[in-house]
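Asks: Here's a structure for you.
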Amino acid sequence: MMVLPYNQTQCMDSVYDACILEPKCIFVPPQRDDLQWGQAFLGDDPIDLLLSKRGEPWCRSKNCVTSFAWANDENVQEALHIRKGTIKKWVRCNKSISYEEDVESVFKYHQLLSEKGYQALAYS
């Protein structure tokens, strides 16, 4: 392992290892019970969301906040025909499963399910 001088180490502290073009952010899991999906999620005026002053830099981890609220919404689950009680709380990634292969495309699975008359949601 190469040891960098202090000033280079300090400079590298703000670099996100997984993608050097993105800011390094502290990941805060979006698993909050108070999140709601819908108009209230955006506030009273969604235009304000677009025109608001720039705050903290964009972070990839913030993208999953809306997906968590959306997937746990009862109306969404009903629209997807998910039987009540089968899933207590949706999570973005199930880290308890040991993944042995990387699936680059689910197109053929989606096509097969569609041909059999099933509706499927492929979420990545």
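Asks: Taking the options C59, C11, C25, C64, name whichever one is modelled with pLDDT of 70 or more and over 21 Å from the mean Cα position of the chain (by Cα).
Replies: Unique residue meeting the criteria: C11.
Asks: A further question follows. Which pairs turn up if I take residues in the stretch 97-123 that are free of Cβ contacts under 8 Å to residues at least 60 places away in the same chain and look for partners that are outside any loop (DSSP other than H, G, I, E, B) with beta carbon separation below 6 Å, at least 6 apart in sequence or on another chain?
Replies: Taking only residues 6 or more apart or on different chains, the pairs are A120/H110; A120/L113; A122/H110.
Asks: If I ask for residues that are over 23 Å from G117 (Cα atoms) and surrounded by fewer than 17 Cβ atoms within 10 Å (Cβ to Cβ), which ones from the stretch 71-82 would you list?
Replies: Within the stretch 71-82, just E74 meets the criteria.
Asks: When only residues in the stretch 83-96 that are without any contact (Cβ under 8 Å) to a residue 24 or more places away in the chain and hydrophobic (A, V, I, L, M, F, W, C) count, which is surrounded by the most Cβ atoms within 10 Å (Cβ to Cβ)?
Replies: The extreme case among them is W90.
Asks: Scanning the stretch 84-104 for residues that are at pLDDT 80 or above and over 24 Å from T66 (Cβ atoms), which turns out farthest from the chain's Cα centre (by Cα)?
Replies: G85
Asks: Are any residues in the stretch 66-109 touching a helix residue (DSSP H, G or I) at 6+ places or on another chain (Cβ under 7 Å) and part of a loop (DSSP other than H, G, I, E, B), and if so, which ones?
Replies: W90, R92
The values are calculated or read from the model by the stated rules, or taken from the named source; none is laboratory data. Predicted model only: the values in this text are computed from it and were never measured. Methodologically, a virtual Cβ is constructed for each residue, glycine included, from the backbone with ideal geometry; neighbour enumeration extends over all protein chains shown.
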